[in-house]
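K.L.:
Pasting a structure below so you can have a look.
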Amino acid sequence: MDIRSFFNKPAQKSVEDFDIYSTAADTDAAIEAANTSVPGTCSTSTATVSAETSAQPIGASGCVVNDLGEKATGPKQPLLSSFPKHQIGDINRIVSGIKEGLQSCGLKDIPIIAQSYDGASVMSGHLSGVQQRIREEFPFAVYVHCMAHKLNLVLVESCTVNRDIKTSLNVIDKLYSMFAEPSNHFRFLMMQKTLALKPKEIVQPSETRWACKYRCVYAVKSQYSAIIRCLKEMEEEGEKWSVEASGLYHHMTRLHFITSIIILEEVLRVVHVTHKRLQGASTTMADAASAVKSLRTHLQHCREESSWEATWMQVKRFCEDFSGICVDSSPQTGGKRKRTSRTPAGLSQYLVPTTLGQRDENETHWESESQTFKRQLYLPVLDTMLAELDRRFSTDAMALSVACDAVFSCDKNGIGPLLSTYASFKIHPQLVTAEMDLLKCTIPSPITLEKLTNEVRKDQYPNFYRLLQLALTLPVSSAASERSFSVMRRIRNWLRSAMAQDRFSDLSILHIESDLTANLSAEKIVDIYANRKKRRILLH
């Protein structure tokens, strides 16, 4: 989209609480309506909205895809419009706000082909949610649940399946509270300096911040020796934190805690990388499907015995280096053997995350510590994550993503979901398959998106041209709108608390679209401003 479209809009925007991004990828009329200089044909618009808590703004985002003649690596998501939160009260106001925002940008007549929200019921409700209200006017505006949010839900569920995992996260939360106190924080920093460790802060665990769990677990693992020494000093000094320090020291030196953070760090590290891929500004639906498939495959490999043995060896080395815990690999044969509880036959085909009324420790007398932790801790976490991935990223939910991947690889057998969903977009099923056959003979293997965008022309491959634009336009997540929320803190800080709303909104747009504003010429802006009106006063 041409940068002029951002500055020719009336100053009605308020980034304070509602941001609207739009996705353009087809029709000459739409491009003219959007006041862009992008060459191309039909332009399709997509509004994607994310609902946040009452303490944070509600944002809307989307993406813009340029004409295929340019280098297209994925959707682009420029900010188009925004309005303040006080104008949002219920679903009707949110829907009208989205429509008014698109209308103010000249995008009223562009068909909406998709919408993406974070899964909140007010936004994603299939009866009277925002997405259903939008579909009443735009029937082909399919709802895409933000994939980054879905992956976070998978992560949240897997971290609650085991008592040791929940206890470990609670300990990290208490560590954050303790070392947030100024004197304790100073002690922690000095201890890191004494041990020649790279300074790293402890992060508070959170259910909503996507990268939070990995960062907090990694911080505790990397700073384990500094934390233990601080707790030992605080425990011995008998100061006001001695009771808390004693309890935290006891938990952190247990084998259950060490095993939990090492397992969590290994799993969360891979999930964190997948989260970054899903949040990418140029991520397509095909990229999202590939990322989820890779994560599922990796977790399945982690269930193998060799993977657990490597993890257990890491636990043993960690215990020897830091805590002095002796890990016994031999079976425990002491004591009276208790009766092994069995899962009911009716639940044999299901994942049972609870203990069905008994404690897991009752079953550990005739197996090694390694096998006990594998059965009670390692496998339940992996199995829960795999089950949640299969449930939330099911075949039906990922049908469009797989179809987009088929478009980018010119696989005519996999484009059926896209053709059936957008049947009225003048894409001839037989002709588009013929065009794909010709492209496969024209483009050398392997077929990539860059090769397709360089080869495909509207006059030569009109049906596949439209299909490729649809595949590039479909949104993956609502992460773009949430990125704009952090801009508010950087711009309206304590030193700029009296900034007017219009100025705040304009500065936010300039900051969010920094990649576009970097190409602006300050001299041309000054010339345009000077030529608009004569401001020189003649004194004589």
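K.L.:
Hey, Asp527 hits all of (1) open to solvent by less than 100 Å² (accessible area, probe 1.4 Å); (2) under 25 Å from Ser484 (Cβ atoms); (3) not aliphatic (A, V, I, L, M) but one; which does it fall short on?
P.N.:
Unmet condition: (2).
K.L.:
Has the range 294-315 got at least one residue that is more than 20 Å from Leu379 (Cβ to Cβ) and open to solvent by 40 Å² or more (accessible area, probe 1.4 Å)?
P.N.:
yes
K.L.:
Would you confirm whether any residue within the range 391-404 is over 30 Å from Val154 (Cα atoms) and not in a helix (DSSP H, G or I)? Before you say what the answer is, go through the steps one by one.
P.N.:
Step one: list which residues in the range 391-404 are over 30 Å from Val154 (Cα atoms), which gives none.
No, the conditions are met nowhere in the range 391-404.
K.L.:
(1) out of contact with any helix residue (DSSP H, G or I) (no Cβ under 6 Å at 6 or more places or on another chain); (2) of a type outside the set (Val, Ile, Thr); (3) under 28 Å from Val270 (Cα atoms): which one isn't true of Asn162, the others all being true?
P.N.:
(1)
K.L.:
Next up: List the pairs whose first member sits in the range 486-511 and is more than 25 Å from Arg209 (Cβ to Cβ), whose second member is modelled with pLDDT under 80 and polar (S, T, N, Q), and whose Cβ atoms are under 7 Å apart, counting only residues at least 6 apart or on separate chains?
P.N.:
Gln501/Ser14; Ser505/Ser14; Ser505/Ser82
K.L.:
I need the full set of residues from the range 170-199 which are open to solvent by 50 Å² or more (accessible area, probe 1.4 Å) and within 17 Å of Val156 (Cα to Cα), in order please.
P.N.:
Asn170, the sole residue that qualifies.
K.L.:
Continuing with this model, one more query. All but one of (1) of a type in the set (Ser, Thr, Tyr); (2) more than 30 Å from His275 (Cβ to Cβ); (3) out of contact with any Leu (no Cβ under 9 Å at 6 or more places or on another chain) hold for Thr473; state the number of the condition that does not hold.
P.N.:
Of everything listed in (1) of a type in the set (Ser, Thr, Tyr); (2) more than 30 Å from His275 (Cβ to Cβ); (3) out of contact with any Leu (no Cβ under 9 Å at 6 or more places or on another chain), Thr473 misses just condition (2).
K.L.:
Separate question: Spot the failing condition for Glu137; the list is (1) farther than 21 Å from Tyr218 by Cβ; (2) buried (at least 16 other Cβ atoms within 10 Å of the Cβ), and only one is missed.
P.N.:
(2)
K.L.:
Then there's this: Go through (1) outside any helix (DSSP H, G or I); (2) under 22 Å from Ile258 (Cα atoms) and name the single condition Leu175 misses.
P.N.:
Leu175 satisfies every listed condition except (1).
K.L.:
I've got another one for you. Could you tell me whether Ile202 is open to solvent by less than 60 Å² (accessible area, probe 1.4 Å) and assigned to a helix (DSSP H, G or I)? Spell out how you get there, then give the answer.
P.N.:
Working: open to solvent by less than 60 Å² (accessible area, probe 1.4 Å): yes; assigned to a helix (DSSP H, G or I): no.
Taking the combined requirement at face value, the residue does not satisfy it.
K.L.:
Quick test for you: out of Lys150, Lys221, Lys166, Lys200, pick the one residue that is touching a residue at least 12 places away in the same chain (Cβ under 8 Å), under 30 Å from Glu369 (Cα atoms) and of a type in the set (Lys, Arg).
P.N.:
Just one listed residue meets the conditions, Lys221.
K.L.:
(1) modelled with pLDDT of 90 or more; (2) crowded, with 19+ Cβ neighbours inside 10 Å: which one isn't true of Glu369, the others all being true?
P.N.:
If we test Glu369 against (1) modelled with pLDDT of 90 or more; (2) crowded, with 19+ Cβ neighbours inside 10 Å, just (1) comes out false.
K.L.:
Which one is farthest from Cys146 (Cα to Cα) among residues in the range 106-130 that are of a type in the set (Val, Ile, Thr) and outside any loop (DSSP other than H, G, I, E, B)?
P.N.:
Checking each candidate, the answer is Ile112.
K.L.:
Identify all residues within the range 159-169 that are open to solvent by 10 Å² or more (accessible area, probe 1.4 Å) and either part of a helix (DSSP H, G or I) or at positive phi (or both); write none if there are none.
P.N.:
Hits for the range 159-169 are Arg163, Asp164, Lys166, Thr167, Leu169.
K.L.:
Starting from the range 428-450, keep only residues that are touching a residue at least 24 places away in the same chain (Cβ under 8 Å), then list their pairs with residues that are open to solvent by 90 Å² or more (accessible area, probe 1.4 Å) whose Cβ atoms are within a distance under 8 Å, requiring at least 6 positions of separation or different chains.
P.N.:
Ile447/Lys440; Glu450/Lys71
K.L.:
Can you list residue pairs whose Cβ atoms sit under 8 Å apart, with the first residue in the range 400-422 being over 16 Å from Thr433 (Cβ atoms) and the second being among the polar types (S, T, N, Q) and modelled with pLDDT of 90 or more? Count only pairs 6 or more apart in sequence or on different chains.
P.N.:
As it stands, the answer is Asp405/Ser290, since those pairs meet every condition given.
K.L.:
What do you reckon, is Glu239 surrounded by fewer than 17 Cβ atoms within 10 Å (Cβ to Cβ), closer than 30 Å to Arg391 by Cα and without any contact (Cβ under 8 Å) to a residue 40 or more places away in the chain?
P.N.:
no
K.L.:
For Val156, are the conditions met, namely being assigned to a loop (DSSP other than H, G, I, E, B) and closer than 22 Å to Gln376 by Cα?
P.N.:
Spelling it out, it is not the case that Val156 is assigned to a loop (DSSP other than H, G, I, E, B) and closer than 22 Å to Gln376 by Cα.
The values are calculated or read from the model by the stated rules, or taken from the named source; none is laboratory data. No experiment lies behind these values; they were computed from the predicted model shown. Cβ atoms come from the backbone with ideal geometry, glycine included; neighbour counts cover every protein chain shown. SASA here: full protein model, heavy atoms, side chains in, ligands and nucleic acids out. Shrake-Rupley method; radii C 1.70, N 1.55, O 1.52, S 1.80 Å.
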